[in-house]
Amino acid sequence: MADPTHVREQYATEDNLETRRSVWQPDPVLGDPVEVALEAVSAALPGGKSMPDVLEVGSGPGVFAARLQERLPHIALLATDQSPRFVELARERGVPAQLMDVQHLLPGDDSYDVVVAMWMLYHVPDLHRGLAEIRRVLRPGGTFVAVTNGDEHVAGLRRDAGGAGLVTHFSSQIGEAALREHFDTVERVDLRPSALFADHAAAQAYLDSSDEGLVIPHFEGSREYAGEVTVFTAR
């Protein structure tokens with residue numbers, strides 16, 4: 001189960017998130033997981049509705065929300081996060097944003113056509129309460145798009161630093177089963193992006209961003225490690 005205090009500390013500012021985001025290269029066949037998620041949201045919007053309602057939970061500093069708003073300017077979008085700093089940054093990007101916990105969503109029942117969760121469900125202490133809240137605020141026929149990592153996501157880097165693969169309670173391996181407890185149908189796209197570190201310092205900075213005390217032995221040149229990402233679409 002995620003430690004809420006540790007999560008709040010890790011995401012009090014955008015620095016750790018940007019360190020992690022900066023190293024990623026797309027899947028050589030399927031492309032960027034973010035683009036796959038954008039397409040999933042676009043495909044899920046109800047036809048014939050002039051302004052579909054879209055909610056992003058755990059939106060961070062609003063990077064994905066801003067891209068979503070740019071790609072689909074006709075949607076009524078709300079980004080939410082538990083971090084006041086991230087809500088502020090999302091608003092600075094021109095994204096409507098509100099402080100909110102996915103375990104206690106403020107909107108009423110049947111409020112949204114699409115809900116999005118980008119790499120955040122593994123942080124939710126009570127995952128099934130969060131999923132139940134998402135299901136509650138979705139309209140009948142609505143769609144939930146969730147992106148997460150697998151157990152082998154940069155596990156090679158972690159092992160080289162004396163650690164182990166990071167196993168979470170919402171991963172590529174077990175996320176589908178969790179979603180099926182709340183949704184009738186679940187589809188998935190599995191991607192293999194890679195993390196490219198220009199040098200030892202970049203790899204160590206990535207490890208330091210998680211504040212686990214892992215230290216990778218010095219190496220010369222660049223290194224690349226495999227990622228593991230899944231985009232789930234649930235209805």
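Structure notes:
- Residue in segment 142-153 that is over 14 Å from the mean Cα position of the chain (by Cα), part of a strand (DSSP E or B) and not acidic (Asp, Glu) present: yes
- So Leu105, is it in contact with a helix residue (DSSP H, G or I) (Cβ under 7 Å, 6 or more places away or on another chain), of a type outside the set (Lys, Arg), modelled with pLDDT of 95 or more and surrounded by 15 or more Cβ atoms within 10 Å (Cβ to Cβ): yes
- Applying a threshold of 8 Å to beta carbon distances and a minimum spacing of six or more residues, or different chains, the list of pairs starting in segment 145-171 at a residue that is more than 12 Å from Trp119 (Cβ to Cβ) and free of Cβ contacts under 8 Å to residues at least 24 places away in the same chain and ending at one that is buried (at least 19 other Cβ atoms within 10 Å of the Cβ) and small (Gly, Ala, Ser) reads Ala164/Ala155; Gly165/Ala155; Leu166/Ala155.
- Selection count where residues are of a type outside the set (Gly, Ala, Ser), more than 30 Å from Ala44 (Cβ to Cβ) and either under 20 Å from the mean Cα position of the chain (by Cα) or not in a helix (DSSP H, G or I) (or both), scope segment 166-220: 15
- Inclusion of Val87 among residues that are crowded, with 19+ Cβ neighbours inside 10 Å, among the β-branched types (Val, Ile, Thr) and either in contact with a helix residue (DSSP H, G or I) (Cβ under 7 Å, 6 or more places away or on another chain) or at positive phi (or both) is not warranted.
- Looking across segment 10-30, just one residue is at pLDDT below 95, surrounded by fewer than 16 Cβ atoms within 10 Å (Cβ to Cβ) and either touching a His at 6+ places or on another chain (Cβ under 6 Å) or among the β-branched types (Val, Ile, Thr) (or both), and that is Thr13.
- Single unsatisfied condition, Gly156 versus (1) under 20 Å from Gln25 (Cβ atoms); (2) touching a Ser or Thr at 6+ places or on another chain (Cβ under 9 Å); (3) not hydrophobic (A, V, I, L, M, F, W, C): (2)
The values are calculated or read from the model by the stated rules, or taken from the named source; none is laboratory data. Since this is a predicted model, take the numbers as computed values, not measurements. No Cβ is skipped: glycine too gets one built from the backbone with ideal geometry, and neighbour counts run over all protein chains shown.
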